[in-house]
Amino acid sequence: MTMTVLRYIVSIFLGYIFGSVSFSVMISEIFHKVDIRKRGSGNAGATNMARSFGLGAGLGTMFGDMFKTALALLGGYFILGTPGMCIAGAACIIGHCWPVFYEFRGGKGISAGAVIALFISWKLLAILAVVFLLGAFISKKVSLGSVLAAAAMIIAVFFVTDLMSLRILAVFTAVVVLYRHIPNIRRLIRHEEPDFKLPSHKNRKK
């Protein structure tokens with residue numbers, strides 16, 4: 001019993017620490033000598049990185065965030081099987097959004113949420129990818145695609161898995177993502193949310 005509790009604690013700790021590693025902050029400070037949280041929307045995520053420093057910076061951030069999330073999920077699974085994976089995944093997205101290493105100011109959980117969806121079921125990720133791409137490309141607003149994908153995750157997970165632990169992880173992830181997007185949702189309602197555009201070479205150097 002004591003060993004099981006310890007494994008739960010280690011899974012939570014591992015997931016949160018991995019999640020707290022902010023690739024956007026590291027990449028922006030190392031290669032652009034500025035904290036991404038002081039540029040653009042102020043969000044430490046792949047979209048703001050792409051807007052501020054170009055597609056390469058955005059992709060680097062996205063793949064870094066996906067990699068750390070995969071490590072957290074695999075670590076949790078190794079420690080405690082599926083329950084450990086779910087706990088580590090939940091802790092990871094909390095760490096990603098509120099990282100202990102960066103004054104609890106992190107991203108909005110899209111890249112981490114995508115990896116969590118993949119580990120739950122590739123079918124779930126496929127559904128969310130279609131919803132995200134349709135929403136983002138039709139509206140030209142990444143935030144709308146993200147919000148729609150998060151909302152779809154709450155519904156779609158019940159069609160792709162019967163495991164309650166995986167369903168809870170999916171719903172928890174989606175709720176965190178939606179919560180982090182409340183400012184975007186308000187701007188969308190007021191028709192004030194900007195379209196997604198990559199920076200010009202001149203603006204990127206500023």
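No value in this document is a laboratory result; all are computed from the given coordinates. Quick caveat, the model's predicted, so the values are computed rather than measured. When we count neighbours, we look across all protein chains shown, and the Cβ atoms used for this are built from the backbone with ideal geometry, even at glycine.
Quick check on the range 94-114: of everything there that is more than 11 Å from Ala170 (Cα to Cα) and hydrophobic (A, V, I, L, M, F, W, C), which residue is surrounded by the most Cβ atoms within 10 Å (Cβ to Cβ)? Explain how you work it out, then say what you get.
Narrowing the range 94-114 to residues more than 11 Å from Ala170 (Cα to Cα): 94-112.
So of that shortlist, the ones also hydrophobic (A, V, I, L, M, F, W, C) come out as 94, 97-98, 100-101, 104, 110, 112.
On the way: Ile94: 21, Cys97: 22, Trp98: 18, Val100: 12, Phe101: 13, Phe104: 11, Ile110: 25, Ala112: 31.
It comes out as Ala112.
Looking at this structure, is Gly106 within 12 Å of the chain's Cα centre (by Cα) and not in a helix (DSSP H, G or I)? Give the steps one after another, and end with the answer.
Values: within 12 Å of the chain's Cα centre (by Cα): yes; not in a helix (DSSP H, G or I): yes.
Yes: the conditions hold for Gly106.
Looking only at the range 67-82, which residues are within 17 Å of Thr161 (Cβ to Cβ) and without any contact (Cβ under 8 Å) to a residue 12 or more places away in the chain?
Passing the criteria: Tyr77, Gly81.
Between a residue in the range 83-103 that is more than 14 Å from Val10 (Cβ to Cβ) and without any contact (Cβ under 8 Å) to a residue 40 or more places away in the chain and any residue that is surrounded by 24 or more Cβ atoms within 10 Å (Cβ to Cβ) and hydrophobic (A, V, I, L, M, F, W, C), which pairs come within a Cβ distance under 6 Å, given they are 6 or more apart or on different chains?
none
Kindly provide the set of residues from the range 1-49 that are more than 19 Å from Ala70 (Cα to Cα) and among the charged types (D, E, K, R), ordered by number.
Result: Glu29, Lys33, Asp35, Arg37, Lys38, Arg39.
If you take just the helices (runs of 4 or more DSSP H) that sit entirely in the range 116-206, which of them hold at least 3 residues that are surrounded by fewer than 13 Cβ atoms within 10 Å (Cβ to Cβ) and not basic (Lys, Arg)?
Working: elements: 122-139, 142-160, 164-180, 182-189, 201-204.
Output list reads 122-139, 142-160.
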